[in-house]
Amino acid sequence: MQLTRALPAIGVAAMAVAIACSDSGTTAPDASRSNNAAGQADTGKTPPTNPTTPPKPDTGTQVKPSSDPRPVAGTVMAIGQAPDTANYQRVAGATLVLSVAADSTTGNVGTELARATSDANGSFSFPGTFKVGIYMVTITPPAGSPYAQKQWPFRITEYSAAKVDLTVWLNRR
């Protein structure tokens with residue numbers, strides 16, 4: 001019974017000790033955190049060196065933009081058979097056609113630029129190099145395969161890698 005009466009007093013004493021031990025130095029919550037001579041507040045952000053220049057994209061290993069034509073190569077992959085659809089497979093013998101992407105506003109129907117066939121590892125490489133632009137790859141699987149034909153649009157930009165590496169995926173029929 002006496003412990004029950006002492007609990008409120010113990011609680012008040014614990015709060016008083018916590019307040020007394022708290023850090024109540026010169027950095028009160030409303031104190032200025034400015035350390036520079038101009039009196040600007042520290043926002044934690046590094047100011048841009050030139051605020052009128054837009055940020056550059058993350059370019060990986062290529063630092064400077066380039067409009068040089070690039071080779072296009074890659075791998076043809078396919079989704080595994082149900083129920084193990086995560087059992088990905090490389091597709092050999094697929095025909096790939098690279099074309100300029102069709103554009104209904106200009107009437108462009110998608111001119112064919114190059115053809116390639118995937119090897120035993122599913123790898124392919126288009127002959128030649130290709131400038132900055134929007135392209136379409138049409139992948140036709142080998143006859144008798146369980147895969148469906150697919151089209152993959154992609155873009156080569158001035159920030160694309162020096163060699164464009166595509167992995168194209170085929171769905172099952």
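Each value in this text was obtained by applying a stated rule to the coordinates, not by laboratory testing. All of these numbers come straight from a predicted model, not from anything done at the bench. Glycine gets a Cβ as well: all are built from the backbone with ideal geometry, and neighbour counts include every protein chain shown.
How much length would be gained if the chain were fully extended between Asn121 and Asn171, taking 0.36 nm per residue of separation minus their Cα-Cα distance, in nm to one decimal? Before the final figure, lay out the partial values.
Numbers: separation 50, 0.36 × 50 = 18.00 nm, distance 1.78 nm.
The span from Asn121 to Asn171 would gain 16.2 nm if fully extended.
For labels at Glu158 and Met77 in the simple 7 Å Cα→Cβ model, what's the distance in nm?
It works out to 3.2 nm between the two label points.
What is the set of long-range amide H partners of Phe130 at a cut-off below 5 Å, with H atoms built 1.01 Å from backbone N?
Arg70
Please list 3J(HN,Hα) in residue order for segment 90-99, calculated via the Karplus relation 6.51 cos²θ - 1.76 cosθ + 1.60 where θ = phi - 60°; whole Hz, with x for glycine and proline.
With coefficients 6.51, -1.76 and 1.60, one gets 7, 10, 8, x, 7, 9, 10, 10, 9, 9 Hz.
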